[in-house]
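Heads up: the structure comes next, in structure tokens.
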Amino acid sequence: QVQLVESGGGLVQAGGSLKLSCPASGRTFSLYVTAWFRQAPGQEREFVAAISWRSETTYYRDSMKGRFTISRENAKNTMYLQMNSLKPEDTAVYYCAANRSGILAESKYEYNLWGQGTQVTVSS
């Protein structure tokens with residue numbers, strides 16, 4: 001069973017950058033589709049980006065295109081989210097997620113593995 005643990009969150013000024021990491025335990029990490037979601041206070045958890053298990057396909061929420069980059073290194077069992085040009089509305093808890101279905105899905109219900117989340121706060 002793969003377990004996910006996010007890191008790299010913090011406080012940053014608007015226009016700044018952060019890089020989130022999601023190292024995973026378990027030998028079969030490379031077989032999972034992995035994704036980032038985020039949840040702001042009082043809001044639903046929303047899709048940010050997903051990446052296929054060999055990194056040949058990535059998929060982004062429209063509002064993140066050009067600002068966020070998802071990547072992964074299977075040799076290190078780690079997924080990343082590089083976030084640039086951050087805005088106050090990007091403030092949220094960011095979660096990594098994984099599934100074995102092979103589907104780069106936007107729906108949170110398609111993912112059966114989740115990390116505990118890391119807080120990202122963007123000040124204006």
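The values are calculated or read from the model by the stated rules, or taken from the named source; none is laboratory data. Treat the numbers as computed from the prediction; the structure is a model and nothing was measured. Every residue, glycine among them, receives a Cβ derived from its backbone with ideal geometry; neighbour counts consider all protein chains shown. Note: accessible area is taken over every heavy atom of the protein model, side chains too, but ligands, DNA and RNA are not part of it. Shrake-Rupley method; radii C 1.70, N 1.55, O 1.52, S 1.80 Å.
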Only Cα pairs within less than 10 Å get springs; with that Gaussian network setup on the chain, which residue of ALA105, ALA14, ALA75 has the largest fluctuation?
ALA75
So what are the radius of gyration and Dmax for the Cα set of the chain, in Å?
13.3, 41
With unit charges on the beta carbon (Lys/Arg positive, Asp/Glu negative), name the residue among TYR94, ALA40, SER7 whose Cα is farthest towards the positive pole of the charge dipole of the chain.
SER7
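Sorted by average packing, counted as other Cβ atoms within 10 angstrom per residue and highest first, what order do 17-25, 29-37, 5-13 take? Walk me through the numbers on the way to the answer.
Details: 17-25: 18.1, 29-37: 22.4, 5-13: 15.2.
Packing order, densest peptide first, comes out as 29-37, 17-25, 5-13.
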Let me spell out the model: positive unit charges on the Cβ of Lys and Arg, negative unit charges on the Cβ of Asp and Glu, origin at the Cα centre of the range 1-76. What dipole size does that give, in debye rounded to 20?
160
Considering only protein heavy atoms and a 1.4 Å probe, what is the carbon-and-sulfur percentage of the accessible area of the chain?
47
Within the range 85-106, the residues whose backbone N lies under 20 Å from a label point placed 7 Å from the Cα of SER25 along the Cα-to-Cβ direction are 95-100
Accessible surface, per residue, of the chain when the full set of protein chains is kept, probe 1.4 Å, Å²
51
For the range 43-72 and the range 4-28, distance of Cα centres in Å:
14
Run the numbers for SER101 and LYS76: contour at 0.36 nm per residue of separation, minus the present Cα-Cα distance, in nm.
6.8 nm
